[in-house]
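Asker: Mind having a look at this structure? Questions to follow.
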Amino acid sequence: MYEIARTFGSSLNVRNTVEVLVDKVGHVVTFDTCVVYLYDEAKGYATPAHVAGRNAQLLPRAVSPREKE
């Protein structure tokens, strides 16, 4: 946890920070595939900032919020 916090405090590059986060979490939590999406309010959808694992190519490249019912 300390290394993750230190990375967040020292990096200005969001994508590099997310990559380190996924790497560090992978040492604590076992996963086959992990994706971290960042939501862009101006565009109205989320795109993957980092994808890791064996099923990465199957994940969507963008995720739109559900329309209000």
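Asker: Quick one: in the range 21-63, of everything that is among the basic types (K, R) and out of contact with any Pro (no Cβ under 8 Å at 6 or more places or on another chain), which residue is surrounded by the most Cβ atoms within 10 Å (Cβ to Cβ)?
Answerer: Initially, the range 21-63 is screened for residues among the basic types (K, R), giving 24, 43, 54, 61.
This time we only want the ones that are out of contact with any Pro (no Cβ under 8 Å at 6 or more places or on another chain), so: 24, 43, 54.
Details: K24: 15, K43: 10, R54: 9.
For the range 21-63, the residue satisfying everything is K24.
Asker: Just the residues that are over 14 Å from V35 (Cα atoms), polar (S, T, N, Q) and either loosely packed, with under 10 Cβ neighbours inside 10 Å or at pLDDT 70 or above (or both), please, taken from the range 1-20.
Answerer: Correct list: S10, N13.
Asker: Do any residues in the range 6-23 that are within 21 Å of D40 (Cα to Cα) and of a type in the set (S, T, N, Q) have Cβ atoms under 9 Å from those of residues that are open to solvent by less than 80 Å² (accessible area, probe 1.4 Å) and modelled with pLDDT under 80, where the two are at least six apart or on different chains, and which pairs are they?
Answerer: Final answer for the pair search is N16/T7; T17/T7; T17/S11.
The values are calculated or read from the model by the stated rules, or taken from the named source; none is laboratory data. As the structure is a computational prediction, the values presented were derived from the model and not from experiment. Using ideal geometry, Cβ is built from the backbone for each residue, glycine included, and neighbour counts are taken over all protein chains shown. The area values use the complete protein model at the heavy-atom level, side chains included, leaving out ligands, DNA and RNA. Shrake-Rupley method; radii C 1.70, N 1.55, O 1.52, S 1.80 Å.
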